[in-house]
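Peer 1: For reference, the structure I am asking about is given below.
The values are calculated or read from the model by the stated rules, or taken from the named source; none is laboratory data. Everything numeric in this text was worked out from a predicted model, so none of it was measured. With ideal geometry, Cβ positions are generated from the backbone for all residues, glycine too; neighbour counts draw on all protein chains shown.
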Amino acid sequence: MKLNQLVRYIKSRLQGKRRFAGVAMLLFMAGSMHNVLAQQEPLYTQYMFNTVSVNPAYAGTRDAMNLLFLSRLQWSGLDGAPKTNTFSMHSPLNNYNMGVGFSVVSDKIGPVNNYYINLNYAYRVNLTDKMILSMGIKGGIYNYYVGLNDIPLNENGDPAFAGDLEKRLQPNVGAGLYLYTDKFYVGVSVPKLIQTDIGNEVKSGTSVLGELKRHYFIMGGYVFDLNHEFKLKSSLINKMVEGAPPSTDITAQMIYKDTYWLGATYRVGDAVAFLADIQINKQLIVGYSYDFSVSRLAGYNHGSHEIMISYDFDGFLKKKTKSLRHF
């Protein structure tokens, strides 16, 4: 979403009027950051547990039906701060070397409230006894909504801020590849192949919301066995989109007795995060992460919080999970 264009539109409505809109200030600060400007896909610090949201080829790779809930509050302390809630389900169809699933995402920032619904399908090929290549596609609907009446004003009843600025449904198609063993994974994906223009034309002739850009994701990870109690898991995800520099997350997590996970993430030029997870049993893992900004937003927010719950229905399928999966 082109936040700078939305900010200019809101500021034009505010010009000459004595009002304060916390959301407009938030969008102005976010719009001043070039990488946020063009990155339209939701942001996750615990991306390594939520791979199916960005790569459909991940569907069914856990050898168990997986349910995942993830809730993120970004830049807490700012009015209208981004809030993302994700629910996904995916499962293998082992008799057919396939995986299926779906995901539902609610992504809100100020007056912008978007919903994504996607269906995922993947087909797996055994390259060796331990190495598997999964090929996935996805299809769904994106619902984009911007409501000016959601912006807090000091004076009520201004018709300039009544109604919707934009409300539109758009189709979506995506694809991905995911290569993995018990110890490592690498993947590439394009979760949104269709570029669409969702903007209305304003007096200047400029689209308010602009075009939904095609995003490219590259991801990878490896688990090192340090000894019989400790493992080190390294992972990386790189997001690329036209009009913005790449966004790269580099993560390292120490795993103790396959139960306790503790690590940190560096989002290049943007934030540092700390992650803590606990594997309660073979089926259930719960995690929390906290980000603090190292960009120009550092002095304007209290950090970002993310909660993750993942559950594998071990034994639901005929083929049970052989061992704990670390990704």
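Peer 1: Identify, from the list V294, V286, V268, V272, the residue that is surrounded by fewer than 17 Cβ atoms within 10 Å (Cβ to Cβ), within 19 Å of M48 (Cα to Cα), modelled with pLDDT under 95 and of a type in the set (A, V, I, L, M).
Peer 2: Working: V294 fails: within 19 Å of M48 (Cα to Cα); V286 fails: modelled with pLDDT under 95; V272 fails: modelled with pLDDT under 95.
V268 is the lone residue from the list that is surrounded by fewer than 17 Cβ atoms within 10 Å (Cβ to Cβ), within 19 Å of M48 (Cα to Cα), modelled with pLDDT under 95 and of a type in the set (A, V, I, L, M).
Peer 1: Here is a check on your reading of the model: is I255 loosely packed, with under 15 Cβ neighbours inside 10 Å, of a type outside the set (K, R) and out of contact with any Asp or Glu (no Cβ under 8 Å at 6 or more places or on another chain)?
Peer 2: no
Peer 1: If the requirement is being modelled with pLDDT under 95 and either under 23 Å from L179 (Cβ atoms) or surrounded by 15 or more Cβ atoms within 10 Å (Cβ to Cβ) (or both), which of these qualifies: G157, G147?
Peer 2: Details: G157 fails: either under 23 Å from L179 (Cβ atoms) or surrounded by 15 or more Cβ atoms within 10 Å (Cβ to Cβ) (or both).
Selected residue: G147, the only one of G157, G147 that is modelled with pLDDT under 95 and either under 23 Å from L179 (Cβ atoms) or surrounded by 15 or more Cβ atoms within 10 Å (Cβ to Cβ) (or both).
Peer 1: Tally the residues that are within 20 Å of S293 (Cβ to Cβ) and out of contact with any Pro (no Cβ under 6 Å at 6 or more places or on another chain), restricting the search to the stretch 71-107. Give the derivation first.
Peer 2: Step one: of the stretch 71-107, the residues within 20 Å of S293 (Cβ to Cβ) are 71-84, 107.
Then keep just the ones that are out of contact with any Pro (no Cβ under 6 Å at 6 or more places or on another chain); that gives 71-73, 75-83.
Count: 12.
Peer 1: Still on this model: Taking T251 and the conditions (1) without any contact (Cβ under 8 Å) to a residue 40 or more places away in the chain; (2) of a type outside the set (F, W, Y); (3) under 28 Å from H90 (Cα atoms); (4) not in a loop (DSSP other than H, G, I, E, B), which numbered condition does it fall short on, given that it satisfies the others?
Peer 2: In the conditions (1) without any contact (Cβ under 8 Å) to a residue 40 or more places away in the chain; (2) of a type outside the set (F, W, Y); (3) under 28 Å from H90 (Cα atoms); (4) not in a loop (DSSP other than H, G, I, E, B), T251 misses (1) alone.
Peer 1: Next question. As an exercise: evaluate I132 against (1) β-branched (V, I, T); (2) at pLDDT 95 or above; (3) over 16 Å from D63 (Cα atoms); (4) surrounded by 15 or more Cβ atoms within 10 Å (Cβ to Cβ) and give the number of the one condition it does not meet.
Peer 2: Of (1) β-branched (V, I, T); (2) at pLDDT 95 or above; (3) over 16 Å from D63 (Cα atoms); (4) surrounded by 15 or more Cβ atoms within 10 Å (Cβ to Cβ), only one is false for I132: (3).
Peer 1: Collect the residues in the stretch 255-282 that are under 23 Å from the mean Cα position of the chain (by Cα) and touching a residue at least 24 places away in the same chain (Cβ under 8 Å), keeping them in residue-number order.
Peer 2: Scanning the stretch 255-282 gives W261, G263, T265, R267, G269, D270, A271, A273, L275, D277, Q279.
Peer 1: For the stretch 104-125, which residues satisfy the criterion of being within 17 Å of the chain's Cα centre (by Cα) and β-branched (V, I, T)? Talk me through it step by step, then tell me what you get.
Peer 2: Applying the first criterion (within 17 Å of the chain's Cα centre (by Cα)) to the stretch 104-125 yields 104-109, 112-120.
The answer is V104, V105, I109, V112, I117.
Per-residue answers, yes or no, for (1) more than 21 Å from D182 (Cβ to Cβ); (2) part of a strand (DSSP E or B):
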position	(1), (2)
Y216	yes, yes
K231	no, yes
K239	yes, yes
P245	yes, no
V272	yes, yes
N281	no, no
V286	yes, yes
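Peer 1: Scanning the stretch 297-316 for residues that are out of contact with any Leu (no Cβ under 7 Å at 6 or more places or on another chain) and not in a strand (DSSP E or B), which turns out modelled with the lowest pLDDT?
Peer 2: F316
Peer 1: May I ask you to list pairs of residues, at least six apart or on different chains, whose Cβ atoms are under 9 Å apart, with the first in the stretch 231-243 being within 20 Å of N50 (Cβ to Cβ) and free of Cβ contacts under 8 Å to residues at least 60 places away in the same chain and the second being of a type in the set (D, E) and crowded, with 18+ Cβ neighbours inside 10 Å?
Peer 2: Note: pairs meeting the criteria are L236/D249; N238/D249.
Peer 1: Looking only at residues that are among the polar types (S, T, N, Q) and touching a Lys or Arg at 6+ places or on another chain (Cβ under 7 Å) in the stretch 34-74, which one is modelled with the lowest pLDDT? Before the answer, list the steps.
Peer 2: First pass over the stretch 34-74, keeping only residues among the polar types (S, T, N, Q): 35, 39-40, 45-46, 50-51, 53, 55, 61, 66, 71, 74.
With the extra rule that they be touching a Lys or Arg at 6+ places or on another chain (Cβ under 7 Å), the set shrinks to 39-40.
Values: Q39: 51, Q40: 65.
Going through the qualifying residues, I end up with Q39.
Peer 1: Quickly run through the stretch 235-257 and pick out the residues that are of a type outside the set (A, V, I, L, M) and at negative phi. Steps first, answer last, please.
Peer 2: Just the residues of the stretch 235-257 that are of a type outside the set (A, V, I, L, M), to begin with: 235, 238-239, 242-243, 245-249, 251, 253, 256-257.
Listed by number, the residues that qualify are S235, N238, K239, E242, P245, P246, S247, T248, D249, T251, Q253, Y256.
Peer 1: Going by what's in this entry, would F217 be described as at pLDDT 95 or above, within 30 Å of M254 (Cβ to Cβ) and out of contact with any Leu (no Cβ under 9 Å at 6 or more places or on another chain)? Before the answer, list the steps.
Peer 2: Details: at pLDDT 95 or above: yes; within 30 Å of M254 (Cβ to Cβ): yes; out of contact with any Leu (no Cβ under 9 Å at 6 or more places or on another chain): yes.
Against the criterion (at pLDDT 95 or above, within 30 Å of M254 (Cβ to Cβ) and out of contact with any Leu (no Cβ under 9 Å at 6 or more places or on another chain)), F217 qualifies.
Peer 1: For the stretch 170-182, does any single residue satisfy the condition of being surrounded by fewer than 18 Cβ atoms within 10 Å (Cβ to Cβ) and modelled with pLDDT under 75?
Peer 2: No, that holds for no residue.
Peer 1: Considering only the stretch 54-94, how many residues are part of a helix (DSSP H, G or I) and surrounded by 24 or more Cβ atoms within 10 Å (Cβ to Cβ)?
Peer 2: Filtering the stretch 54-94 down to residues part of a helix (DSSP H, G or I) leaves 56-58, 94.
Add one more test, that the residue is surrounded by 24 or more Cβ atoms within 10 Å (Cβ to Cβ), and what stays is 56-58.
Going through the stretch 54-94 one residue at a time, the tally reaches 3.
Peer 1: Answer yes or no: is there a residue in the stretch 96-103 that is surrounded by 22 or more Cβ atoms within 10 Å (Cβ to Cβ) and more than 19 Å from the chain's Cα centre (by Cα). Spell out how you get there, then give the answer.
Peer 2: Just the residues of the stretch 96-103 that are surrounded by 22 or more Cβ atoms within 10 Å (Cβ to Cβ), to begin with: 99, 101, 103.
From the residues that got through so far, the ones that are more than 19 Å from the chain's Cα centre (by Cα) too are 99.
Yes, some residue in the stretch 96-103 is surrounded by 22 or more Cβ atoms within 10 Å (Cβ to Cβ) and more than 19 Å from the chain's Cα centre (by Cα).
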